[in-house]
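Below is one structure, written out as structure tokens; comments come after it.
The values are calculated or read from the model by the stated rules, or taken from the named source; none is laboratory data. What you are looking at is a predicted structure, and each value in this text was computed from that prediction instead of being measured. Heads up, the Cβs are rebuilt from the backbone with ideal geometry, glycines too, and the neighbour counts pull from every protein chain shown. Side chains are part of the model used for accessible areas, which takes the heavy atoms of the whole protein and leaves out ligands, DNA and RNA. Shrake-Rupley method; radii C 1.70, N 1.55, O 1.52, S 1.80 Å.
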Amino acid sequence: MIQKHIQQLQTKIQQCAQQCGRSPQSIKLLAVSKKKETGMILEAYQSGQKLFGENYIQEAAEKIPALPPDLRWHFIGHLQRNKARQAARLFDVIQTVDSLKLAKLLDKHAAALQKKLSVLLQVNIGAEHQKAGIASDDAERLLTEIREKTTLQVCGLMVIPPYSQHQETSRNYYIKTRLLAESLAQKSLFTDNKQVELSMGMSGDYQVAIEEGSTIVRIGTAVFGPRE
Ligand SMILES: *Cc1c(COP(=O)(O)O)cnc(C)c1O
């Protein structure tokens with residue numbers, strides 16, 4: 001089942017990219033495996049999937065060492081500061097950096113591990129009260145400070161738009177995210193300003209996200225089925 005889901009998703013991503021004039025290779029499928037067992041992750045791996053996302057450090061610390069070493073892991077959950085060291089060790093990319101304090105901690109731990117750690121800035125694009133992420137208006141300042149004070153590879157932006165059952169509702173947030181990333185890239189604030197990553201789109205709205213420039217779609221349910 002998982003293999004079929006991945007093949008279908010890859011086809012849909014490809015078609016969607018072509019319909020909006022983008023190269024299918026510019027879009028990565030991140031299989032979100034939170035709350036799913038290693039057996040299911042292996043099944044995805046056997047159909048060629050290498051990129052996985054996890055939300056909880058404790059869960060990831062059990063699963064990641066038990067899986068093949070050529071899998072690539074993105075952290076997409078809320079990162080508590082006392083878990084920064086484990087996060088730096090376990091993950092290739094931390095998508096949810098939203099403060100200088102957290103960036104400096106990750107930088108310190110990555111340096112101790114002699115590891116080049118990549119991060120994305122999580123932006124609270126819907127300006128929601130309870131949601132994590134830096135406010136859009138503060139992204140430039142934070143990015144500037146991270147560039148000045150750490151050696152982290154800052155590769156782009158990650159957003160979770162306000163929840164909606166209709167994928168069209170997300171479109172405006174994704175447009176805002178792309179425009180914000182473009183203005184930050186113009187000021188050369190990312191590590192690579194010609195290839196800025198936009199982590200946006202989940203099972204319910206990834207097609208809209210691709211139309212608006214997503215380079216990483218984070219898909220759980222449509223790969224592994226519903227979660228408990
Ligand atoms: C769980 C999760 C996803 C995947 O959501 P689905 O709707 O199951 O595809 C994507 N992004 C984040 C940040 C998540 O926590």
query: If you take all C-alpha pairs in region 52-126, what percent of them are over 20 Å apart?
result: 24 percent
- request: Given a cut-off of 18 Å, name the pairs among LYS63/LYS104; LYS83/LYS104; LYS4/LYS35 whose C-alpha atoms lie farther apart than that in the structure shown.
  value: LYS63/LYS104; LYS4/LYS35
field: Ratio Rg/Rh, restricted to the chain and using Cα atoms, in which Rh is the Kirkwood radius
entry: 0.94
query: What length, rounded to one decimal in nm, is gained on full extension from ASN172 through to LEU67, with 0.36 nm per residue of separation minus their alpha-carbon distance?
result: 34.0 nm
- prompt: How much length is gained if the chain between GLN18 and GLN58 is pulled fully straight, taking 0.36 nm per residue apart and subtracting their Cα-Cα distance, in nm to one decimal?
  reply: 10.5 nm
message: What's the magnitude of the charge dipole for the chain around its Cα centre, counting Lys and Arg as +1 and Asp and Glu as -1 at the beta-carbon? Answer in Debye, nearest 20.
response: 480 debye
message: Using the Cα atoms of region 139-188, I'd like the radius of gyration and the largest Cα-Cα distance, Dmax, both in angstrom.
response: 13.4, 40
message: For region 102-228, I need the span (max minus min coordinate) of the C-alpha atoms along each principal axis, in Å, sorted largest to smallest.
response: 41, 33, 30
Percent accessible area from carbon and sulfur atoms, the chain, protein chains only, probe 1.4 Å: 47 percent
- request: Report, ordered by chain and residue number, the lysines lying within cross-link reach of LYS194, taken as a straight Cα distance under 21 Å and ignoring same-chain residues fewer than 8 apart.
  value: LYS28, LYS116, LYS176
message: What whole-number distance in Å separates the alpha-carbon centres of region 86-122 and region 174-194?
response: 20 Å
- line: Dividing the helical contributions, -39500 (n - 2.57) per DSSP H run of n ≥ 4, by the residues of the chain yields a 222 nm value, nearest 500 deg cm²/dmol, of -12500 deg cm²/dmol
field: ALA127 paired with GLN114, simple spin-label distance in nm, labels 7 Å along Cα-to-beta-carbon
entry: 4.8 nm
statement: Binned at 5 Å from zero, the C-alpha pair distances of region 167-209 give percents of 5, 25, 26, 18, 15, 10, 2
- line: Normalised Cα Rg of region 37-86, dividing by 2.2 N^0.38 Å with N its residue count, works out at 1.16
message: Given Cα positions, please report Rg to Rh for region 1-94, the hydrodynamic radius being the Kirkwood one.
response: 1.02
